[in-house]
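Every read-out reported here was derived from the displayed coordinates using simple, explicitly stated rules and does not represent laboratory data. Note that the structure is predicted; figures quoted are calculated from it, not measured. Please note: Cβ atoms are built from the backbone with ideal geometry, for glycine as well, and neighbour counts cover all protein chains shown.
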């Protein structure tokens, strides 16, 4: 039985390489053992593998875009020195960086000239 599993894995890895699914090939055994231990069905197994592949592709695409941009240095919000710019509200910036405000847009109808209606989408942040 062990040789059949080994042969199947070799054929599976070859097919996954041809289909250009490297993360699925690298993670399939580990996820299979975990799904077997959790008594998960085959769709759960397939879902977990495809999610891993998608996450890895998104990560590589972001890395390629950063490399293509040719930034002299990569800077993140974590490295920003808020003490050097005391006018910048650190709480507001970190709250905005979480993008949670996008989930709760409010529609505002602003008065304008007679006969013209202006609609805007606004979001609010509540400081605590």
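In terms of surrounding Cβ atoms within a 10 Å radius of their Cβ, 100, 53 rank from fewest to most as 100, 53.
Summary of packing: across the peptides 32-39, 77-84, the per-residue average of other C-beta atoms within 10 Å ranks them, highest first, as 32-39, 77-84.
The Cα-based radius of gyration and maximum Cα-Cα distance (Dmax) for the range 2-69 are 14.3, 49 Å. Full extension of the chain between residue 32 and residue 79 gives 13.0 nm of extra length, using 0.36 nm per residue less the Cα-Cα distance.
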